[in-house]
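Accompanying notes for the structure given below.
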Amino acid sequence: MSDTDSHETETPSLRTPIVAVLGHVDHGKTSLLDKIRGSTVIEGEAGAITQHIGATAVPLDIVSKVAGKLVSPDDFDLPGLLFIDTPGHHSFTTLRSRGGALADIAILVVDVNDGFQPQTEEAINILAQSQTPFVVAANKIDTTPGWNPNPDSPIKATYDAQSDRARSMLDQNLYELIGELSDAGFSADLYWRVQNFQNNIGVVPVSAETGEGVPDLLTVLMGLAQRYMREDMEIDVTGPGAGTVLEVKEEKGFGTTLDVVLYDGTVGADETIVVGGKNAPIVTDVRALLKPRPLAEIRTEDRFEKVDSIGAAAGVKIAAPDLDDAMAGAPVRVVRDREIDDVIEEVEAELAEVEVSTAEEGIVVKADTLGSLEAMVSTLKEEEIPVMLAEVGDVAPRDIRFATTADEPKHRTILAFNVDTLAEAGDEAEQRDVRLFDSDVIYQLIEEYEEYVDEMERAQQ
Ligand code: GDP
């Protein structure tokens, strides 16, 4: 039996906290995730970190090895950390669960030279809305002029050991960032000065390049998880599984499959599941449960390994018939020992919870997932832009026709987030004079729309 198997069969009664990484483009989200994975791979024996579908699990003993003296396994009863591999608020908002965000804790990555940027603002709004505890990674400290790196020491000691000039340059950036956090409504400080993480956000200076500060970041994450997530993380380790669809994907040999983040219970390879669908909940039988093969064993046509069952928290690929209408962000429930109708009702109730309330008059919004739709609609609400239709899916001709029913010309508009526009819909939009904006950045869509409205209003004066 490999380490991987034994780790999974001894499913802990406290599940692994789920960690998401957010921040502005190019601020270093991917590099930081790679560094965390890389340093854990170096520290751990082969197989100690487990590659999941869409996520990476780092067990507690490896976290504590990386964190050196900072984390003692005796201080924690959590099994480790599960990092969602796709950084950014898109996957964060997609991954919603009962009552809110699926991620238990988050890392907000900010380039310390750049400070707050539009997507930082967006990310922090999303974190505040979902009440997700987070830590700020003040990244790229190695680019501070005169920086003297020391990846083997805790970051406070490295910081203290810098020349006066390097430290004051870094301080200037760090204090600006702390000020920006405060403007956003969060009291924050350098993490070693934070006494009470409940009221204060810890800022950890890090470098995804040198790895400095990564152990400290893991320490703060473990602390946050330990302090705040206890109640939610006590799971029924043998109960019917509950999860969220991260992605719907065609997979050669398996047809349409679901990448699922399982946050509760277990799922077996022959069980009946209910999945949120575009039109109605889908009831289907699992055909195969798949995990990535360890890198060393990968053959081109055989990337996945079949498993009999898997327990939370985990990322898993589910192959089953009839998944074409499944939606990213939708709930997945194992039926086991329950009435199918009750489970369907549960799935419907969870979908209905998504707050995409619309008005009589307003614009049309299309998005790729429920979570992103919800984020769009709530951001538009803040900007006082009314929405009359908000739906998941590509832009179709009927969306264009619907947009023409708006009374005000400025509302005859479609904002399309991360979806395609069907060719006929594009033609129809031109013919019917409906404006179509598409982007995969929420703030960009809204900014472009606001500029368009400004121009329109100026032209009328
Ligand atoms: P993302 O868009 O937020 O995922 O950002 P990436 O991880 O792709 O990083 C953007 C760029 O910044 C890449 O060229 C990285 O190599 C670089 N980068 C990221 N973190 C650091 C860091 O800590 N120090 C330095 N010097 N460069 C970094």
Summarise the long-distance tail of P(r) for region 166-322 by giving the % of C-alpha pairs beyond 26 Å.
51 percent
Which whole-angstrom value gives the distance between the alpha carbon centres of region 143-209 and region 422-452?
41 Å
When the scattering of region 89-145 is computed by the Debye formula from its Cα atoms alone, each counted once and equally, what is log10 I(q)/I(0) at q = 0.13 Å⁻¹?
-0.36
Looking at region 155-197, what % of the alpha carbon pairs are farther apart than 14 Å?
56 percent
Output the Kirkwood hydrodynamic radius of region 311-461, Cα pairs only, in Å rounded to one decimal.
17.1 Å
Stokes-Einstein translational diffusion, region 121-240 - Kirkwood Rh over all Cα pairs, 1.567 mPa s, 4 °C, in µm²/s:
83 µm²/s
Take region 185-266, compute every pairwise Cα distance, and split them into 5 Å bins from 0; I just need the percent in each bin.
3, 12, 13, 13, 12, 12, 15, 12, 5, 2, 1
Using the Cα atoms as the points, what is the convex hull volume per residue of region 373-461 in Å³?
91 Å³
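Kindly provide the GluC sites (Glu not before Pro) of region 342-442 that DSSP labels as loop, not H, G, I, E or B, and whose Cβ sees at most 13 other Cβ atoms within 10 Å. Working shown, then result.
Values: sites: E345, E346, E348, E350, E353, E355, E360, E361, E374, E382, E383, E384, E391, E424, E428, E430; in loops: E355, E360, E361, E383, E384.
Taking region 342-442 and a limit of 13 other Cβ atoms within 10 Å, the loop GluC sites (Glu not before Pro) found are E355, E360, E361, E383, E384.
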Mind jotting down the distance between the C-alpha centroids of region 94-120 and region 238-255, whole Å?
24 Å
Per residue and in cubic angstrom, what volume does the convex hull of the Cα atoms of region 112-187 have?
98 Å³
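So how do V434, V19 line up by other beta-carbon neighbours within 10 Å, fewest first? List each step's numbers first, then the result.
Values: V434 21, V19 25.
Listing V434, V19 from fewest to most nearby Cβ atoms yields V434, V19.
How big is the antiparallel share of DSSP beta bridges in the chain, given as a percent to the nearest 5?
Values: 47 of 82 bridges.
In the chain, approximately 55 percent of DSSP beta bridges are antiparallel ones.
Pairs K29/K65; K140/K278; K65/K140: which are spaced more than 30 Å apart, C-alpha to C-alpha? Spell out each step's value before the answer.
Values: K29/K65 22 Å; K140/K278 42 Å; K65/K140 23 Å.
The answer is K140/K278.
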How big is the chain in terms of Cα radius of gyration and Dmax, in angstroms?
23.2, 75
Long-range amide H partners of G277 with built H, under 5 Å
I282
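Taking the Cα centre of the chain as origin, sum charge times position over the Cβ atoms of Lys and Arg (+1) and Asp and Glu (-1), and report the length of that vector in debye to the nearest 20.
Result for the chain is approximately 1240 debye, rounded to the nearest 20.
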Once a ≥ b ≥ c are taken as the square roots of the eigenvalues of the Cα gyration tensor of region 352-402, is the result rounded (a/c under 1.5), prolate (a/b larger than b/c) or oblate (a/b not larger than b/c)?
oblate
Size of the dipole of region 287-416 about the Cα centre, Lys and Arg at +1 and Asp and Glu at -1 on the beta carbon, nothing else charged, in debye to 20?
780 debye
Charges only on Cβ, +1 for Lys and Arg, -1 for Asp and Glu: so what's the dipole of region 239-322 about the Cα centre, in debye to the nearest 20?
180 debye
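Any read-out appearing in this document is the output of simple, stated calculations on the displayed coordinates, not a laboratory observation. Source: prediction; values computed, not measured. Positions of Cβ are backbone-derived with ideal geometry, glycine not excepted, and every protein chain shown enters the neighbour counts.
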